[in-house]
Amino acid sequence: MTVHLVGAGPGDPELLTVKALSLLQSADVVVFDRLVSAEILGLACATAELIDVGKRPGTSHTQELINDLLISLGQQHSVVVRIKGGDPFVFGRGGEEAEALARAGVAYTIVPGISSAFAVPAAAGIPVTHRLVSRAVTVVTGHCAQGSQSVDWRAHARTDSTLVILMGTERLATIATELMAGGLEASTPVAIVHNGTRDKQQVLRIQLHEAVFIRAHAPSVIVIGAVADLDLRDPLQLAQLVNAQ
Ligand SMILES: C[S@@+](CC[C@H](N)C(=O)[O-])C[C@H]1O[C@@H](n2cnc3c(N)ncnc32)[C@H](O)[C@@H]1O
């Protein structure tokens, strides 16, 4: 009797790990989040019970209820797959679920997934680090839990690191304004990648000052920094970069 905390990757079913696929195929129960696509759920064992615990307006799935559900399922079934978008430990609250299971004495495993923080920019041709362009990358949430300390965007403006922002669409105007107030150039490239690695992937490339007026939609990964101008899917751009080095 084990609960497996599994990362589903960024959306494209082919970006599931082999381990995630084999667990889905042997699952008695699959407990899934909003970002896990129907295509991925379709890979689960035909007899598996599928339970949607996606948090969205109008639902009552608090994290505590989800923890209790996992404990109870883990006490009844031999293979419980708790699957989440990306990696379970990157802004996924997988750590809290592991803690709750450990406290209750329920066996669990952790199956890492490909995080959207890196895979979604890559799918849009953006390397989050690139020789001579960016030597560091910082992954930040644009959404802070109530009562927690908010992100110091002005400090991030001074780090000379590519910024990758998850859950940042609603606060994009504030984030851009704060970054500019912290000294980041108004002309800094920004890429907003919506539905990355999925059929409906969209990429918007703008400058930081324009981000104040943009209405972005979730799920999107926002990349801020010189690399956001790159599209290495484009052989012409790639050739220019190689010649410049
Ligand atoms: C609650 S966080 C979960 C992150 C996840 N654990 C991971 O490692 O990718 C959800 C956020 O991830 C980002 N995200 C996840 N999948 C995405 C996708 N396919 N395209 C764009 N953004 C995505 C968005 O910023 C979204 O708001």
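Computed from the coordinates by the stated procedures, all read-outs in this text should not be read as laboratory data. If you're wondering where the values come from, they're calculated on a predicted model, not measured in any experiment. We place every Cβ from the backbone using ideal geometry, glycine too, and count neighbours over all the protein chains shown.
Brief remarks follow.
- Formal net charge of residues neighbouring residue 126 (Cβ-Cβ distance under 9 Å; K, R +1; D, E -1): -2
- Each distinct pair of alpha carbons in the chain adds a 1/r term; the inverse of their mean, the Kirkwood radius, is 19.2 Å.
- For residue 4, residues with placed amide H under 5 Å, excluding near neighbours: 80, 81, 82, 109
- Couplings 3J(HN,Hα) for segment 181-188, derived from phi with the Karplus relation 6.51 cos²θ - 1.76 cosθ + 1.60 (θ = phi - 60°), are 5, x, x, 6, 4, 4, 8, 4 Hz, where x marks Gly and Pro.
- Net charge of neighbours whose Cβ lies under 15 Å from the Cβ of residue 44, counting Lys and Arg as +1 and Asp and Glu as -1: -2
- In segment 2-114, taking the dipole from charged Cβ atoms about the Cα centre, the farthest positive-side position among 76, 61, 38 is held by 61.
- Taking the Cα centre of segment 117-229 as reference, the dipole from Cβ charges on Lys and Arg (+1) and Asp and Glu (-1) amounts to some 180 debye.
- Debye equation applied to the C-alpha atoms of segment 2-114, log10 I(q)/I(0) at 0.10, 0.16, 0.22 Å⁻¹: -0.24, -0.63, -1.26
- In order along segment 152-167, phi translates into HN-Hα couplings of 8, 5, 5, 5, 5, 5, 9, 8, 6, 10, 4, 9, 10, 10, 9, 6 Hz, rounded to whole numbers, per the Karplus curve 6.51 cos²θ - 1.76 cosθ + 1.60 with θ = phi - 60° and x for Gly and Pro.
- Close amide H pairs (under 5 Å, H built 1.01 Å from N) link residue 51 with 30, 31, 32, residues at least 5 positions away or on another chain.
- Sequence ranges 2-9, 177-184, ranked by mean other-Cβ count within 10 angstrom, highest first: 2-9, 177-184
- A Gaussian network model of the chain, with springs between Cα atoms under 10 Å, assigns the largest mean-square fluctuation among 212, 81, 36 to 212.
- Using θ = phi - 60° and Karplus 6.51 cos²θ - 1.76 cosθ + 1.60, couplings along segment 30-35 (whole Hz; Gly, Pro as x): 10, 9, 10, 9, 4, 7
- Listed residues 222, 40, 83, most fluctuating in the chain (Gaussian network, C-alpha, under 10 Å): 40
- Across all C-alpha atoms in segment 54-153, the radius of gyration and Dmax reach 17.0, 54 Å.
- Counting only the Cα atoms, segment 156-245 fills a convex hull of 101 Å³ per residue.
- Within the chain, helix-based [θ] at 222 nm, where runs of 4 or more DSSP H residues each add -39,500 (n - 2.57), nearest 500: -8000 deg cm²/dmol
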